[in-house]
Amino acid sequence: MKAKTAVLISLPAAIFIFTSAAHKPARVVTPAATVKHYLYVAVPGIRDYLGYGGHGILVFDIDDHHRFVRRIRTKGFHPDNTPSNVKGIAVSIPLNSIFISTIESMQRIDLTTDKLIWEKKIDGGCDRMAISPDGKTMYLPSFENSFWNVIDCATGDIIKKIEVNKKAHNTIYGPSGQHVYLDDIASPWLYVADAKKHELVHKIGPFDNFVRPFTINGKETLVYVTVDSLLGFEVGDIQTGKKLAHIEVQGWDTGPVRRHGNPSHGIALTPDEKELWIADGHNMRLHVFSAAEPYQQLTTITLQDMPGWITFSIDGKYVYPSSGEVIETKTRKIITTLQDEFHNNVASEKMLEIDFENNKAVKAGNQFGIGGLR
């Protein structure tokens, strides 16, 4: 009897538990937002030649075999109303904006709407700029004049002017946000500015000739520079200011180049800082080196056109030479070639990756191939 009574008593309880569970609302699982990865390519990004992709910003879907997505209309015109040379490309994540410099002006474009926020003519013209890690401040070289303008990214207003030498050109804002590295192409020195005081505090070199494209490691202890007349690169110690190494590409002759007048106009570190990739304009190749002493030359990759710049995807999986190929870093294989909506090959020295979540930019690469170790 005791056993039967236990069953009779527990049965209603079981019915209650089952009924309650049946009427309990199911937990709604919200799928995680998907991060999309895009390559933004500003054109005309090789002088003002329209035969390499026309005019505007071309967007490619990195996740879908670098498929062309759309063309963003831009400003930036010569006085005769023809498209001007794009000189630089940079992103402010906090401002959700991409910035495009041309010889005459600077443009700020909203990354969600693709709409122009402002375009400003800048005193002395514009070259290849860099933006602070907090997205607020830009160091903008004049167009081969003697100074850099320090710019408020939100407004485009000039905060300060920094006199350097004769021909302001390339700029890297250190990942720490403390220093900015200034390349004057009429000097064998690389100049360093204090990012808070906006004044020169240091210089690195002298290198063997005038400094051209360069890059730095993520901890800002080493700089890798190309210099006029050298097929190869040199290495400098940022702390001491001393030149450490002079490396020449072996097995390839130095010859005339169509642009820039420099055999190795293009250099980039892999994000893991294990390799250094060098442009060879005369032989239309990339040369790959170990990024640590003794800087072993590893391999050479043939391109379809003269390279004048190199950068990487944020994760380091892809290499983007300015000649338009997409190269898989690990295998050294060319996996595709950038093409616009008309199936024309695209080439530019001004490109970088931007990642989006919910239609808003959340991360951006850089145009300089800076090392990713911090």
Extend 7 Å from the Cα of K166 along its Cα-to-C-beta direction; within the stretch 239-283, residues with backbone N under 17 Å of that point are 261-262
Tally Lys and Arg at +1 and Asp and Glu at -1 over the other residues with C-beta under 10 Å from the C-beta of G365: what net charge comes out? -2
Nearest 20 debye, what's the magnitude of the dipole of the stretch 145-287 about its Cα centre given +1 on Lys and Arg Cβ and -1 on Asp and Glu Cβ? 260 debye
Can you tell me, using C-alpha contacts under 8 Å and at least 6 residues apart, the relative contact order of the stretch 30-186 as a whole percent? 13 percent
Computed FRET value (nearest 0.05) for Q239 with Q296, which takes r as the C-beta separation and R₀ as 22 Å: 0.35
Expressed in nm to one decimal, what extension gain is obtained for the pair E144 and D272 from 0.36 nm per residue of sequence separation less their Cα-Cα distance? 42.8 nm
Scattering profile of the chain from the Debye formula, Cα beads only, expressed as log10 I(q)/I(0) at q = 0.11, 0.12, 0.14 Å⁻¹, is -0.70, -0.84, -1.17
If you build a Gaussian network model of the chain, linking Cα atoms that sit under 10 Å apart, which residue out of I62, I185, I335 swings the most? I335
Too long for a 23 Å Cα-Cα cut-off, among K75/K317; K36/K87; K203/K330; K87/K161; K121/K160; K121/K196, are K75/K317; K36/K87; K203/K330; K121/K196
Cα Rg over Rh - the stretch 229-361, Kirkwood: 0.99
Grab the Cα-Cα distance for T336 and K196, subtract it from 0.36 nm times how many residues apart they are, and report the gain in nm with one decimal. 46.1 nm
What accessible area per residue comes out for the stretch 264-374, rounded to a whole number of Å², with a 1.4 Å probe? 38 Å²
Mean residue ellipticity (222 nm) of the chain, computed from DSSP H runs ≥ 4 via -39,500 (n - 2.57), nearest 500: -2000 deg cm²/dmol
As a test, work out the antiparallel percent of DSSP beta bridges whose residues both lie in the chain, rounded to the nearest 5. 100 percent
Roughly what angle does helix 2-23 make with the longest principal axis of the chain, taking Cα atoms, 0 to 90 degrees, to the nearest 10? 40 degrees
Tell me, what is the percent relative contact order of the stretch 314-374, built from C-alpha pairs under 8 Å that lie six or more residues apart? 22 percent
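The values are calculated or read from the model by the stated rules, or taken from the named source; none is laboratory data. Because the structure is predicted, anything quoted here is derived from the model rather than measured. Quick reminder, even Gly has a Cβ in these numbers, built from the backbone with ideal geometry, and neighbours come from all protein chains shown. For accessibility, only protein heavy atoms count, side chains too; no ligands or nucleic acids. Shrake-Rupley method; radii C 1.70, N 1.55, O 1.52, S 1.80 Å.
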